[in-house]
């Protein structure tokens, strides 16, 4: 039943016109948007529209959620799946947005975003917009958390999303494992991949996804095998587009 409802909601969302006011928001706040043209822009806008209209938006910590907030966050989500029409964050139902960083009750660690196993993503809007405004630093909070959602599409945060073909799993595992171990052994020196990716396989996939979209040429030149498997998964070649 859930699958049928999900299909109907997505179909209904696709039939809605893309609000012209959203384009003004994208032009003002999403640096990669102006470079999208023709069919590429159309695919991106469709993915954004479906995401924005089919997810529940929940304000927290005094946040006010308006169209700007929804469009900017949806842009990060759409960027990952615009060329993967079968991926629409099926397991994700709600987006909780704080105005800035937050802490868990009784916790002492500052949090900027997290993807939870029960279908929720929590984001700091300040962290989201900061990531958008610095498109070449390899650090984008919203993109990172939505990569986690894709990773968990099979029910596990393990660094391996659902791949299109069974034959893709062997090269994926070989390359991702080798690159993860390489990062763990790396001395404390700045590289294309953030050190946070050495935490575990799930964080490695999310960090690698950030680098893929934000530092594509550096990633392709210094980690060609990693770039290749991500290019195949995301059906995108950003190093050739910049």
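Nothing in this text is a laboratory measurement; each read-out follows from the coordinates by a stated rule. The structure displayed is predicted, hence computed values, not measured ones. Here Cβ is always computed from backbone atoms with ideal geometry, including for glycine, and neighbour counts include all displayed protein chains.
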Check your understanding: Which number comes out as Rg/Rh for the chain once both Rg and the Kirkwood Rh are worked out on C-alpha atoms?
Key -> 0.94
Check your understanding: What do you get when you divide the Cα radius of gyration of region 166-241 by 2.2 N^0.38 Å, with N the number of residues?
Key -> 1.02
Practice item. Give me 190, 220, 91 ranked fewest to most by other Cβ atoms within 10 Å of their Cβ, as a rough exposure proxy. Key: 190, 91, 220
Check your understanding: Using mean Cβ contacts within 10 Å as the protection proxy, how do 68-76, 204-212, 150-158 order, highest first?
Key -> 204-212, 68-76, 150-158
Check your understanding: How far, in nm, would the chain grow between residue 58 and residue 222 when pulled straight, counting 0.36 nm per residue and subtracting the alpha carbon separation?
Key -> 55.0 nm
Point to revise | residue 66-residue 117 pseudo-label distance in nm [points 7 Å out on the Cα-to-Cβ vector] | key: 3.9
Check your understanding: Under 13 Å from a point 7 Å along the Cα-to-Cβ line of residue 241: which residues of region 181-220 have their amide N that close?
Key -> 212-217
Review point. For the pair residue 163 and residue 100, what calculated FRET efficiency results from E = 1/(1 + (r/R0)^6), where r is the Cβ-Cβ distance and R0 = 45 Å, to the nearest 0.05?
Key: 0.80
Study note, to complete from the structure: Ranked from fewest to most other Cβ atoms within 10 Å of their own Cβ, 88, 104, 144 fall in the order 104, 88, 144
Point to revise | Estimated [θ] at 222 nm from DSSP helical runs (n ≥ 4, -39500 (n - 2.57)) normalised by residues in the chain, nearest 500 | key: -16500 deg cm²/dmol
Revision key, fill the gap. Among beta bridges assigned by DSSP with both residues in the chain, the antiparallel ones amount in percent, to the nearest 5, to 35
